[in-house]
Structures are given as C-alpha cells and as structure tokens.
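K.L.:
Right, I'll just put the structure down here and ask away after.
The values are calculated or read from the model by the stated rules, or taken from the named source; none is laboratory data. Note that the structure is a prediction, hence the values are computed from the model and not measured. Note: ideal-geometry Cβ built from the backbone for every residue, glycine included; neighbour counts use all protein chains shown.
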Amino acid sequence: MTEAKGGRDRAGWMTLYVVLGVALAVQVALLFLLPSGRVGGLVLFGWAVFAVSAVLGWLPILLFRRHGGVAKRRSYVHTTQLVTTGLYAVVRHPQFLAGDCLAVAVMCITQHWGTLVAGGIAIAVNRLTMIKADRDLVAKFGEPYRAYMTRVPRASLLLGLWRWMRRRR
C-alpha cells in the first residue's frame, strides 16, 4: 500500500468513527435528557435491546483477548488470528451490531424525533464502517476471511443464530 493510500485510508476510518461517535453520543445524551416515550411496551423493548447492545459490545473484547493472538499490553483490536468462534460464529461484527442496537434502543426508549435522526445517521454510518471493515479484514486475513464471510452474516443476529444452529446439526 502506498503512503498516500494508507493516509487516505486512515483519514477515511477517522471520519467514519467521528461521525458515528458523535451520532451515538448525541443519542446517549438525549437518552438522559429526554423523558421516556409514551408507549410503555416500546420503552421496555428499548431497555431489553440496550442490554443486548451491552453484551454485544463487551463480549468481543474477551473473545479477542482469548482467541485473537493479541500481544500483552496491546489493544484487543490488534488481533493476529482470525476469530470465528463464540459470538463470532454468529455475526462477523458484533460490536458494530451493538452500536446499531444502542441506536434502536434509544429510539424506542425516548420516542423522540432527535433520537430518530441521530440514530438513523449512526446506523447508516455503522453500515458503511462494517463494509469497510470487511474489505480491510479480507486484505489482512485473505481467503479464510472470505470463506468466513460466506458462512456468517455481517450483523444479522437472527440469521446468524439460524445458520449457527443449522451448522451444529
């Protein structure tokens, strides 16, 4: 990769992460600033999805540390081995899925137009980030990652569980 391409690539990642971070930060701020929505069942559903987002957000850290070949004192994102077990046997990008779940949860809890706008932006940018991550992971891990992509969906938890159960038979 050329120096210019590497710099553009880093800038592209930073732009995506900044937009995603701001959108999610706005949502979380609105969660604490706004009252709960009027539809109680939707609020309860939102809190359940919020709990799922916490699990999807934190569990990958443990899995990467245990199975990803991460050197001591390095961030969990510095994996040297492809992780395809545990949660990664169900979805390829559980932490990005956690961001989507967080966005949906806040929309359901607050039922406010501001969280709908911020959540919509977060989900759209998150999708772009997942596509970019897949390209980078193909470049890093090659054919094993391509094969993994055919078995495990990008971020569909229900489809991933269905496929995982079918593979286990």
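K.L.:
Please go through (1) modelled with pLDDT of 90 or more; (2) closer than 27 Å to residue 148 by Cβ for residue 40 and return the number of the only condition it doesn't satisfy.
P.N.:
Result: residue 40 passes all but (2).
K.L.:
From the set of residues in the stretch 113-157 that are under 19 Å from residue 16 (Cα atoms) and of a type in the set (Lys, Arg), which is farthest from the chain's Cα centre (by Cα)?
P.N.:
135
K.L.:
Using the structure shown, decide if residue 145 is among the aromatic types (Phe, Trp, Tyr), surrounded by fewer than 21 Cβ atoms within 10 Å (Cβ to Cβ) and farther than 24 Å from residue 50 by Cβ.
P.N.:
yes
K.L.:
Given the criterion under 16 Å from residue 123 (Cβ atoms), assigned to a helix (DSSP H, G or I) and at pLDDT below 90, identify the matching residue among 20, 62.
P.N.:
20
K.L.:
Among the numbered conditions (1) in contact (Cβ under 8 Å) with a residue 60 or more places away in the chain; (2) under 17 Å from residue 25 (Cα atoms); (3) touching a Phe, Trp or Tyr at 6+ places or on another chain (Cβ under 9 Å); (4) of a type in the set (A, V, I, L, M, F, W, C), tell me where residue 89 comes up short.
P.N.:
All conditions are met except number (2).
K.L.:
If you don't mind, there's one more thing I want to ask. Going by the conditions given, is residue 102 at pLDDT 95 or above and of a type in the set (A, V, I, L, M, F, W, C)?
P.N.:
Criteria met by residue 102.
K.L.:
Residues 15, 80: which one is of a type outside the set (A, V, I, L, M, F, W, C) and either modelled with pLDDT of 95 or more or part of a helix (DSSP H, G or I) (or both)?
P.N.:
Just a single option satisfies the conditions, and that option is 15.
K.L.:
Could you list all residues from the stretch 118-135 that are among the charged types (D, E, K, R), in contact with a helix residue (DSSP H, G or I) (Cβ under 9 Å, 6 or more places away or on another chain) and without any contact (Cβ under 8 Å) to a residue 60 or more places away in the chain?
P.N.:
Scanning the stretch 118-135 gives 127, 134.
K.L.:
Please work out which residue is surrounded by the fewest Cβ atoms within 10 Å (Cβ to Cβ), limiting yourself to the stretch 85-127 and to residues that are under 23 Å from residue 145 (Cα atoms) and small (Gly, Ala, Ser).
P.N.:
If we take residues in the stretch 85-127 being under 23 Å from residue 145 (Cα atoms) and small (Gly, Ala, Ser), then 86 is surrounded by the fewest Cβ atoms within 10 Å (Cβ to Cβ).
K.L.:
Okay, next question. Can you tell me how many residues in the stretch 62-76 are under 13 Å from residue 87 (Cβ atoms) and not basic (Lys, Arg)?
P.N.:
Total meeting the criteria: 5.
K.L.:
Now for a different question. What pairs come out if I take residues in the stretch 95-117 that are within 10 Å of residue 30 (Cβ to Cβ) and pair them with residues that are among the aromatic types (Phe, Trp, Tyr) whose C-beta lies under 8 Å away, six or more apart or interchain?
P.N.:
What qualifies is 106/50; 109/47; 109/50.
K.L.:
Quick check, is residue 149 at pLDDT 95 or above and either among the polar types (S, T, N, Q) or part of a helix (DSSP H, G or I) (or both)?
P.N.:
yes
K.L.:
How about the stretch 47-79: which of its residues are of a type in the set (Phe, Trp, Tyr) and surrounded by 17 or more Cβ atoms within 10 Å (Cβ to Cβ)?
P.N.:
Of everything in the stretch 47-79, those that are of a type in the set (Phe, Trp, Tyr) and surrounded by 17 or more Cβ atoms within 10 Å (Cβ to Cβ) turn out to be 50, 64.
K.L.:
Within the stretch 67-94, work out how many residues are closer than 30 Å to residue 40 by Cβ and either of a type outside the set (A, V, I, L, M) or out of contact with any helix residue (DSSP H, G or I) (no Cβ under 7 Å at 6 or more places or on another chain) (or both).
P.N.:
Going through the stretch 67-94 one residue at a time, the tally reaches 1.
K.L.:
From the list 109, 123, 131, pick out the single residue that is part of a helix (DSSP H, G or I), in contact with an Asp or Glu (Cβ under 9 Å, 6 or more places away or on another chain) and not polar (S, T, N, Q).
P.N.:
123
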